[in-house]
Amino acid sequence: MSVDLSQFIPNFLAESFEGLELMESSLLNLEQDDDETINAIFRAAHSIKGGAGTFGFDHVTEFTHLVETLLDEMRNGQRAIKQDDVELLLVSVDCMKMLIEAIRDESDYDKDKIDETYQLLLVALNGKEPDLLEIPSKSTDTTTTSKDGMLEWKITFIPEHHLVQTGNDPLLLFNALAELGELTVEANSSNLPSILDADPQELYLSWNLTLRSENATEELIREVFEWVEDECELTITQNKPIECEGHSTGTAENNPSTQPVEATKESIAIDTVTENAQLEKPVVKAAAKPATKSKVDVGSIRVGVDKVDSLINLVGELVITQSMLSELGTDFDISKVERLTSGLEQLLQNTKELQESVMRIRMLPISFAFNRFPRLIHDLGNKTGKDIELVLKGEQTELDKTVMEQISDPLVHLVRNAVDHGIEPANVRVANGKTAKGTITLNAYHQGGSIVIEIKDDGGGINRDAVYNKAVEKGIVDAGASLTDNQVFELIFEAGFSTAQEISDISGRGVGMDVVKKNIQALGGRIQIDSTPGEGSTFKVNLPLTLAILDGQLVKVGSETYIVPLITIVESLQTKAELINRVSGDMVLYRLREDNVPIIPIYELFGIESDAKANTLEEALLVVVEADGQKVGLLVDDLLAQQQVVIKSLDENYQQVEGISGATILGDGSVAMILDIPGLIELAMQNANQRLSSKLQSIGTEGAMI
Amino acid sequence: MPKILVVDDSNSIRDMVSFTLKSAGYDTVEAKDGQEGLTRAQAGSFDLVISDVNMPIMDGITLCQELRKLAPFKFTPILMLTTESSGDMKMRGKAAGATGWLVKPFNPEKLLATIKRVVR
């Protein structure tokens, strides 16, 4: 009978990744004589090896075996826990992860890296070759000699008295033998004591067995007795073959069949290994493909049962509401309006709760993103020679899976940045009266409808003058321009900006803070810097909880409705004539307390025909929004409701449009565009510059001069 | 229908062993470590116990020793599922009262074939 286990491969993969994570975090926290931790690491490696072997992923088994052996030596106290070994194990965990990812994605892996680490492991194990993996080139050749005829085997089996107390039963062993051929059993009761002396829990019999079989070999017979061989006297001899026509018995006779048990043990074990490998490979190869493919395509998420339960409850309530409403509808008259209203209210409530619950399913604790940082800090600390402690806070704060996936890389960059530029070398720290050990704190918490992730270091803070001078040197800022601290800090997000004296391999990877900022903005988030000289810096990343739903302010422009993300709105106001400043041509500024806010007329930007446009600027509605630390006023006709809208991608359904981040469908079925505020500001600035330069050109001045 | 207790800390191994046994018509009960296995064993009767060796909280060897102390498990076959094929491991298993061992990688055909040697 064949049992197809390929359906369990995804399980194995998921469990292996969990095991690897556990191995990594435990290795990072490993201390001398911490038996429990080292045992847990060992068990994780052990399970991965076992699973990989089951599915025929022999390369994983082989590699993990070395890791396991090393861990075993640590566990048994044969090997002290040295930092070198821990580092090697961490690299090995990376390798195992790479191998298992390659299985999952059906992709290739870096073979050189694996081989190199494999060699290092071998060296660490004192050049000792792995024992289990010496798979013989071919299995023993004594097995196939007697295909042509029957062989007769004489077996003497004298068990020790206590044999049955380990749960072994001679009868079942004989049944197994009988499956190999024709078995004759002869019991010897000469050792049976008198009924008074006999212990019913002991076994006093011994047996002489004769097995006539075409294909039995000594190994197969010994295998039946495998579990009792050290609890019995067992002799197996082969009689002359009967019906011996035209076949060679050479090998069988050369093989001394009375050889001691010890000698054959080895070959039995080897035989088992090869047999397994041969049996399992085809099964797995054939079946692994569809299972892993679907995994790549769909992705999966682990959801707590409570979340699913709450969904099921809500759906139940929704069904009740629906049946109530449809019953109302069958025979409707005006007297039922009240019930209809309350039914609709209930429907609204159900829908809202259902929406929230569904969103919660996509929510994962941010620890998923934070988990990689202990390792990162460990490695970076080694590389830079800085002693750094990582503090994680708010790891249970939940965030949408999609946001989590996309914020991970920017966070890594910010942490690298904190290590490289933030934390000072130990001697500098001590000289400044600080502890030699630097601290980087990651903190996540909810604030309103968004999540805030703080990356804080207790380093030297941003050197304002260095940033300023560099910006002047790069031509980003005019020399002598007066900027606030925050404006100076913002400069590090400019493309190509770096204050590092030389590009290190930590932060100088061709990805700058400008990319970080862009990625965060692409998620509808923003980043702020707070820095105090000598005390450190805090980067504060503000993100929406989900990418699927947005709190929006509906605004009317001509006959169109637009949606302004609520998170970007500073305030909405009616303009006053005396606060309007027209500067150079078309640029109109509005004086908002101490700020001068450029006014962006949505009509012009999107070319909308409207009578309301004729309204004088003096009594218009202005929605003041902020992005990238810049405020602008959007000129609109009317403010409508605020509501949550479901975001539909324009890229996927149509194409990307400048100044628009997506679309949604309103209650009346019409489509409304969602404004992309940072994009809009950029667009408006470009337009203003173009108009200005064309104007300058038309009066005969070189456009390039501005 | 013979009833088998499967003890392993690895979800996937436990699932696979159970799946294999069920597909061959055995009834199975699962436990995720030795301690849980012992509790399950005390609560019911079994025709066979298959247990991993390396497990948190209580390992397979200890579980075996504990089971042998229980009257209903005095003669019950107990198989250790292990990757350690060393003689030492087998000796320790035997000393604890194990009936035999199954060497990982786990192979369904072999499991079913060898189970016949201990379960009627």
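Select from the range A:164-173 the residues that are open to solvent by less than 70 Å² (accessible area, probe 1.4 Å) and within 10 Å of chain B (Cβ to nearest Cβ) and list them in ascending order. Result: A:Val164, A:Gln165, A:Thr166, A:Gly167, A:Asn168, A:Asp169, A:Leu172, A:Leu173. The set of residues in the range A:543-586 that are under 30 Å from A:Arg464 (Cβ atoms) and in contact with a helix residue (DSSP H, G or I) (Cβ under 8 Å, 6 or more places away or on another chain) comprises A:Leu543, A:Thr568. Of the numbered criteria (1) among the β-branched types (Val, Ile, Thr); (2) surrounded by 17 or more Cβ atoms within 10 Å (Cβ to Cβ); (3) more than 17 Å from A:His46 (Cα to Cα), the one B:Ile61 fails is (3). Applying the set (1) loosely packed, with under 14 Cβ neighbours inside 10 Å; (2) touching a Pro at 6+ places or on another chain (Cβ under 8 Å); (3) closer than 20 Å to A:Glu535 by Cα to A:Gln396 leaves exactly one unmet item: (3).
Can you name every residue in the range A:286-311 that is part of a helix (DSSP H, G or I), at pLDDT 50 or above and surrounded by 11 or more Cβ atoms within 10 Å (Cβ to Cβ)?
First, the residues of the range A:286-311 that are part of a helix (DSSP H, G or I): A:286-298, A:305-311.
From what is left, the residues that are at pLDDT 50 or above are A:305-311.
Correct list: A:Lys307, A:Val308, A:Asp309, A:Ser310, A:Leu311.
Every listed requirement among (1) acidic (Asp, Glu); (2) at the interface with another protein chain (Cβ under 8 Å from one of its Cβ atoms); (3) open to solvent by less than 30 Å² (accessible area, probe 1.4 Å) is met by B:Asp8 save one, (2). Only strands (runs of 3 or more DSSP E) whose full extent lies in the range A:633-689 are considered here, and the ones with at least 2 residues that are farther than 28 Å from A:Leu617 by Cα are A:638-646, A:660-665. The number of residues in the range A:340-363 being under 16 Å from the mean Cα position of the chain (by Cα) and at pLDDT 85 or above comes to 0.
Filtering the range A:70-82 for residues that are open to solvent by less than 20 Å² (accessible area, probe 1.4 Å), within 13 Å of chain B (Cβ to nearest Cβ) and part of a helix (DSSP H, G or I) leaves a non-empty set. Residue pairs whose Cβ atoms lie under 9 Å apart, sitting 6 or more positions apart in sequence or on different chains, and linking a residue in the range B:99-120 that is within 15 Å of B:Val53 (Cβ to Cβ) to a partner that is hydroxyl-bearing (Ser, Thr, Tyr) and part of a loop (DSSP other than H, G, I, E, B), are B:Thr99/B:Thr76; B:Trp101/B:Ser85; B:Val103/B:Thr83; B:Val103/B:Ser85; B:Lys104/B:Thr83; B:Lys104/B:Ser85; B:Pro105/B:Thr83. For the range A:483-504, the condition holds for at least one residue, the condition being that it is loosely packed, with under 15 Cβ neighbours inside 10 Å, part of a loop (DSSP other than H, G, I, E, B) and at pLDDT 80 or above.
Quick grid of which residues meet (1) under 13 Å from the mean Cα position of the chain (by Cα); (2) surrounded by 19 or more Cβ atoms within 10 Å (Cβ to Cβ); (3) not aromatic (Phe, Trp, Tyr):
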{"site": "B:Leu21", "(1), (2), (3)": "yes, yes, yes"}
{"site": "B:Glu36", "(1), (2), (3)": "yes, no, yes"}
{"site": "B:Ala41", "(1), (2), (3)": "yes, yes, yes"}
{"site": "B:Ser45", "(1), (2), (3)": "no, no, yes"}
{"site": "B:Gln65", "(1), (2), (3)": "yes, no, yes"}
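Looking only at residues in the range A:523-541 that are modelled with pLDDT of 80 or more and within 25 Å of the chain's Cα centre (by Cα), which one is farthest from A:Leu442 (Cα to Cα)? Show your work before the answer.
Of the residues in the range A:523-541, the ones modelled with pLDDT of 80 or more are A:523, A:525-541.
Checking the rest, the ones that are also within 25 Å of the chain's Cα centre (by Cα) come to A:523, A:525-527, A:539-541.
Numbers: A:Leu523: 20, A:Gly525: 17, A:Arg526: 17, A:Ile527: 14, A:Phe539: 10, A:Lys540: 10, A:Val541: 11 Å.
In this case the residue turns out to be A:Leu523.
A:Glu36 falls short on exactly one of the conditions (1) more than 18 Å from B:Met16 (Cβ to Cβ); (2) within 24 Å of the chain's Cα centre (by Cα), and that condition is (2). All of (1) at negative phi; (2) of a type outside the set (A, V, I, L, M, F, W, C); (3) open to solvent by 20 Å² or more (accessible area, probe 1.4 Å) hold for A:Asn350 with one exception: (3).
In this structure, is A:Ser572 surrounded by 18 or more Cβ atoms within 10 Å (Cβ to Cβ) and among the hydroxyl-bearing types (Ser, Thr, Tyr)?
Numbers: surrounded by 18 or more Cβ atoms within 10 Å (Cβ to Cβ): no; among the hydroxyl-bearing types (Ser, Thr, Tyr): yes.
Criteria not met by A:Ser572.
So A:Asp4 clears everything in (1) open to solvent by less than 40 Å² (accessible area, probe 1.4 Å); (2) facing chain B (nearest Cβ under 10 Å); (3) under 23 Å from B:Asn107 (Cα atoms) except one condition, right? Which one? Checking A:Asp4 against (1) open to solvent by less than 40 Å² (accessible area, probe 1.4 Å); (2) facing chain B (nearest Cβ under 10 Å); (3) under 23 Å from B:Asn107 (Cα atoms), the one that fails is (1). The range B:14-120 holds helices (runs of 4 or more DSSP H) entirely within its bounds, and those carrying 1 or more residues that are facing chain A (nearest Cβ under 7 Å) and closer than 21 Å to A:Gly53 by Cβ map to B:108-115.
Listed by first and then second residue, the pairs linking a residue in the range A:458-475 that is touching a residue at least 40 places away in the same chain (Cβ under 8 Å) and basic (Lys, Arg) to a residue that is crowded, with 18+ Cβ neighbours inside 10 Å and in a helix (DSSP H, G or I), with Cβ atoms under 6 Å apart and 6 or more places separating them unless they lie on different chains, are A:Arg464/A:Val488.
Given the condition of a type outside the set (S, T, N, Q), part of a helix (DSSP H, G or I) and either touching a residue at least 60 places away in the same chain (Cβ under 8 Å) or open to solvent by less than 10 Å² (accessible area, probe 1.4 Å) (or both), answer yes or no: does some residue in the range A:33-41 qualify? Yes: one or more hits. Scanning the range A:562-578 for residues that are hydrophobic (A, V, I, L, M, F, W, C) and at pLDDT 85 or above returns A:Ile563, A:Val564, A:Leu566, A:Ile569, A:Val570, A:Leu573.
In the range A:54-68, which residues are open to solvent by 10 Å² or more (accessible area, probe 1.4 Å) and within 11 Å of another protein chain (Cβ to nearest Cβ)? Passing the criteria: A:Gly56, A:Phe57, A:Asp58, A:Thr61, A:His65, A:Glu68. Here B:Ala96 clears all of (1) open to solvent by less than 30 Å² (accessible area, probe 1.4 Å); (2) touching a Lys or Arg at 6+ places or on another chain (Cβ under 9 Å); (3) at pLDDT below 85 except the condition numbered (3).
The values are calculated or read from the model by the stated rules, or taken from the named source; none is laboratory data. Keep in mind the model is a prediction, meaning the values are calculated, not measured. In this analysis, Cβ positions are derived from the backbone assuming ideal geometry, glycine residues included, and neighbour counts consider all displayed protein chains. Surface accessibility is based on the protein's heavy atoms, side chains included, excluding ligands, DNA and RNA. Shrake-Rupley method; radii C 1.70, N 1.55, O 1.52, S 1.80 Å.
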